[in-house]
Each structure stands twice: as structure tokens, then as C-alpha cells.
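Enquirer: Have a look at this one before I ask anything.
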Amino acid sequence: MTLLLDLILGLAVVGVAVWTLAVRENFPAVIGFVAYGLLLALVWVRLGAVDVALTEAALGAGATGVILLFAVVRLRGGRAEIDAATPGPRQRLAAGILCGVVGLALAVAVLSLPDPAPSQAAAVARHLPELGVANPITGVLMAYRGLDTLLEAVVLVFAVLAIWSMAPDRRWGAVPGPVFPVQSNGPLSLLARLLPPIGIVVGIYIAWVGADAPGGKFQGGTILAAMGILAWVAGLWRLPPVASRGLRWAVVAGPLAFIGVGLLGFVFADGFLSYPPAIAKPLILLIEAAMTLSVAAALVLMVAGPPEGRRA
Amino acid sequence: MIYGLVASALVALGLYGLVTQPALLRKVLAFNLLGGGVFLLFGVVAARGGDPVPQALVITGIVVAFAATALALVLVLRLFQITGAATIAEDETRR
């Protein structure tokens with residue numbers, strides 16, 4: 001029964017991926033991609049990786065789908081240019097064969113993995129009590145691979161900066177992204193009024209519960225960002241201009257808290273990013289709270305894009 | 001094991017799309033398909049030992065992939081605004 005389920009799910013993922021590539025128009029391709037992301041999230045659940053499934057559904061399918069749709073709406077035409085640049089059947093055959101070889105090599109590698117599987121699960125579990133964190137994924141993200149997570153937090157800040165820097169000079173300092181008119185009725189207006197109060201609570205809960213159960217700052221921050229985007233698209237919330245100090249602090253608060261706590265590790269513990277055992281949990285919570293805010297702010301700004309309005 | 005094969009197929013499909021699709025938007029899409037396959041491959045290998053470390057790294061990877069996609073799309077849109085081009089084909093007719 002479960003084998004059948006896995007088989008159907010696996011075929012569905014590959015099928016949707018093929019369709020996403022093969023379909024001629026951009027809009028259905030993006031819709032196909034969102035479906036692909038959601039099916040992939042189900043695969044992650046089947047693999048027992050609920051944390052990854054949450055992230056894939058929220059970011060891989062949801063947020064990526066939104067920015068792709070924004071781009072599709074703005075990229076008009078170009079059909080003749082695209083047709084002219086499409087490689088001929090011979091080139092496509094060659095590319096197909098080469099990519100098929102890559103896929104086959106990976107498949108052979110997967111089928112011939114060593115038994116028993118090497119694992120660091122025991123090593124991670126041994127030190128979890130010292131951190132006061134019960135979810136091993138959060139433990140890894142915040143402690144064993146804390147440096148990776150810190151660098152990733154910094155990547156988000158740089159991505160926002162890079163996107164802002166695409167703005168023409170005369171737009172600098174203005175409100176990021178398009179300004180949407182206020183929707184006074186219709187489904188969007190209803191959802192934008194109904195969902196945020198619930199979504200904000202759920203987002204904070206997911207971020208909070210990440211210490212002990214699937215969830216965490218990225219998943220919770222994404223839900224908060226989604227609520228902000230919903231209110232923004234419905235015209236109910238205006239984004240602050242990129243010159244706003246509050247906005248900039250919100251984006252860097254998480255990485256700053258992370259680096260600050262990391263540097264304190266030199267004084268009070270064994271070095272950069274090591275937590276004193278007695279207060280490991282409060283410190284991790286502090287970083288997670290600041291990071292949730294920064295992830296949410298960075299995601300909203302990445303979806304909005306470079307400043308487009310007139311300077312405030 | 002099924003998902004290991006699914007992941008291999010996704011990597012091959014994404015790579016093929018990345019190489020053969022001329023439109024930049026579709027290249028970004030194909031790149032994300034490819035990324036999903038790579039993450040899944042990582043997850044399949046990790047699931048065998050119940051290892052939390054690769055899972056945590058995949059979460060990191062998904063977030064970074066989103067940031068990269070957002071930046072790539074802004075670059076595509078800016079290129080379109082400035083030159084009106086939707087591809088990066090070497091085309092004499094455009095000049």
C-alpha cells in the first residue's frame with residue numbers, strides 16, 4: 001500500500017516536472033512549478049523530514065511561485081525571439097542524451113549506496129540536552145552547523161541589497177515594488193482581512209515550537225511574510241520606503257543578534273558561536289526571535305523587488 | 001529507493017531544461033526543478049540513516065535557493081526593461 005503511494009507520488013512529481021518544462025506558455029509553467037513544489041513537500045513528509053517539507057511548501061512552492069508570477073506578468077511578448085533562439089532537434093537530442101547520462105549516473109549511485117548507512121544522528125542526539133532544544137533539526141541549525149545558518153542569514157540581507165541595487169538612481173529611497181490599489185471588496189479583500197490575524201499567530205507559533213517540534217524561524221518567518229504580502233497586495237498595508245530606518249533594522253536584526261551572540265562566545269564560552277551551557281536555550285530563543293523578524297522582512301522585500309515608486 | 005530514482009530523474013530533467021530552454025524565465029524555473037532534485041537526493045541519502053544534519057542543510061539550501069531565484073528574476077526583469085530581451089541569445093538582428 002505504501003509502496004503504491006510512493007510510486008504514484010514519485011510518478012506525479014516527475015510528470016509535473018516534465019509538464020512544467022514542456023508547456024509553451026509561461027503562466028501554466030509557473031502553476032506547474034507550484035504544484036511540483038507542493039508534491040515535493042509531500043515527498044519530504046514521506047521521507048520523515050517534516051521540517052524540510054514545511055520549508056519546501058512555504059518557500060520552494062509558495063514564495064518562489066509568487067515571485068515567478070510577478071515576473072510572468074511583467075515579461076510580455078518575446079515569442080519570436082524565443083522561437084528563434086530555441087535549439088534545433090539535433091542539439092536538443094545531444095543535450096537530452098548528456099542529461100540522461102547524468103541522471104543515470106545519479107540513479108546508479110543511489111542504488112549502490114553502502115549498507116549500513118553512515119549517520120551522525122547519534123552524535124547529534126548526545127549533545128541535545130545541553131542545548132535545551134528537543135528538535136534535532138533546530139539543534140543542528142543553531143549549534144553544530146551554526147556558522148552555516150549565520151552565513152545564510154547574511155545571504156538574505158545581501159540578496160535584499162542586491163535586489164534594491166537594481167533600482168534606477170531616481171527611484172532610490174522610494175517604496176519597494178508596485179503600489180497596489182485598495183481592494184474594497186472581493187475575495188482578495190476578504191482574505192487579506194480574515195487571514196493575517198490567524199496567520200500571524202500561526203507564524204509565531206511555528207517559529208516558537210521549532211525548538212521542540214517541526215518548525216522554526218524560516219518556516220514561521222515565511223508564514224509571517226505571506227501575511228504581510230497578502231495585506232500588501234490587497235492595498236491594505238503600504239510597505240515602508242527603502243530609506244526607512246525601521247525597515248533596515250528589521251532586515252539586519254537577526255544576523256546582528258546572531259553575530260553578537262557568536263562574538264560573546266569568545267568571552268563566555270569556547271569560541272565563536274559556542275553557547276555557555278547554562279543560558280544556551282535563552283540565547284538560541286533570542287536569535288530565533290530576531291531571525292524570525294528578519295526572515296519575514298527580507299522575504300517580503302525580495303517578493304516586492306526594487307524600489308519603483310516616486311521618492312517619498 | 002523510489003525517491004532516489006525520482007530525484008535522479010528531476011536532476012536530469014532540470015539540467016535538460018536549463019540547457020535547452022531559451023527564455024531566461026524558463027531557465028530560472030528549470031534551475032529550481034534541478035535544485036529540488038538535488039535537495040531530494042540529499043534527503044534520500046540522509047533518510048537512510050535518520051541523520052538530522054543533511055536535513056538541516058537542505059533547509060538552509062532551500063532558503064538560499066529562494067534568495068538566488070528572487071535575485072535572478074529581478075536581473076531578468078531589469079534586462080527586459082533595458083533591452084527588451086527575454087533571452088541571452090547571440091542575435092545580430094537585435095543590434
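Nothing in this text is a laboratory measurement; each read-out follows from the coordinates by a stated rule. All values reported here derive from a predicted model rather than from experimental measurement. Note that each Cβ is placed from the backbone with ideal geometry, even for glycine, and that neighbours are counted across all protein chains shown.
Enquirer: What do you get for the angle between helix B:2-20 and the principal long axis of chain B? Use alpha-carbon atoms, 0 to 90 degrees, nearest ten.
Expert: 10 degrees
Enquirer: Which whole-number percent gives the relative contact order of chain A, counting Cα pairs below 8 Å spaced six or more residues apart?
Expert: Working: 367 pairs, mean separation 62.4, N = 312.
Relative contact order comes out at 20 percent.
Enquirer: Have a look at A:173, A:101, A:161 and report the one farthest towards the positive end of the charge dipole of the range A:63-187, computed about the Cα centre with Cβ charges (Lys/Arg +1, Asp/Glu -1).
Expert: Comparing the listed Cα positions along the dipole, A:173 ranks first.
Enquirer: Let me ask something additional. From the C-alpha gyration tensor of the range A:142-238, pull out the three semi-axes of the equivalent ellipsoid (sqrt of 5λ each), sorted largest to smallest, in whole Å. List each step's numbers first, then the result.
Expert: On the way: eigenvalues 159, 115, 8 Å².
Result for the range A:142-238: semi-axes of 28, 24, 6 Å.
Enquirer: So which helices of chain A fit the span-like rule, where a helix is a whole DSSP H run, its Cα atoms reach 18 Å or more along the axis, and its mean Kyte-Doolittle is at least 1.0?
Expert: Values: long enough: A:2-22 (30 Å, 2.22); A:26-46 (30 Å, 1.66); A:89-111 (32 Å, 1.59); A:146-164 (28 Å, 2.08); A:187-209 (31 Å, 1.74); A:217-233 (23 Å, 1.22); A:245-268 (32 Å, 1.53); A:280-304 (36 Å, 2.01).
Correct list, ordered by number: A:2-22, A:26-46, A:89-111, A:146-164, A:187-209, A:217-233, A:245-268, A:280-304.
Enquirer: In addition: Between residue A:274 and residues 5 or more places away or on another chain, which pairs have amide H atoms under 5 Å apart, with H built 1.01 Å from N, and which residues are they?
Expert: Here A:265 satisfy the definition.
Enquirer: Can you give me the long-range amide H partners of residue A:177? Hydrogens built in the peptide plane at 1.01 Å from N, cutoff under 5 Å, separation of 5 or more residues or another chain.
Expert: A:308, A:309
Enquirer: Please give the net charge around residue A:180, taking every other residue with its beta carbon less than 15 angstrom from that of residue A:180, where Lys and Arg add +1 and Asp and Glu add -1.
Expert: For residues surrounding residue A:180, the net value is +2.
Enquirer: Projected onto the charge dipole of the range A:163-312 (+1 at Lys/Arg Cβ, -1 at Asp/Glu Cβ, origin at the Cα centre), which of A:269, A:207, A:240 gives the Cα projection farthest towards the positive end?
Expert: Working it through, the farthest residue towards the positive pole turns out to be A:240.
Enquirer: Ratio of alpha-carbon Rg to the 2.2 N^0.38 Å globular estimate for the range A:1-86, to two decimals, please. Write down the numbers at each step before the final one.
Expert: Working: Rg = 15.3 Å, N = 86, 2.2 N^0.38 = 12.0 Å.
After normalising by residue count via 2.2 N^0.38 Å, the value is 1.28.
Enquirer: Ok, one more. Find how much the distance from residue A:201 to residue A:93 grows on full extension, using 0.36 nm per residue of separation minus their present alpha carbon separation; answer in nm with one decimal. Walk me through the numbers before you get to the answer.
Expert: Numbers: separation 108, 0.36 × 108 = 38.88 nm, distance 5.15 nm.
This chain segment gains 33.7 nm when fully extended.
Enquirer: A further question follows. If packing is taken as the average number of other Cβ atoms within 10 Å across a peptide's residues, how do A:23-33, A:154-164 rank, most packed first? All intermediate terms of the calculation are to be shown ahead of the outcome.
Expert: Numbers: A:23-33: 17.6, A:154-164: 19.6.
So the order, starting with the most tightly packed, is A:154-164, A:23-33.
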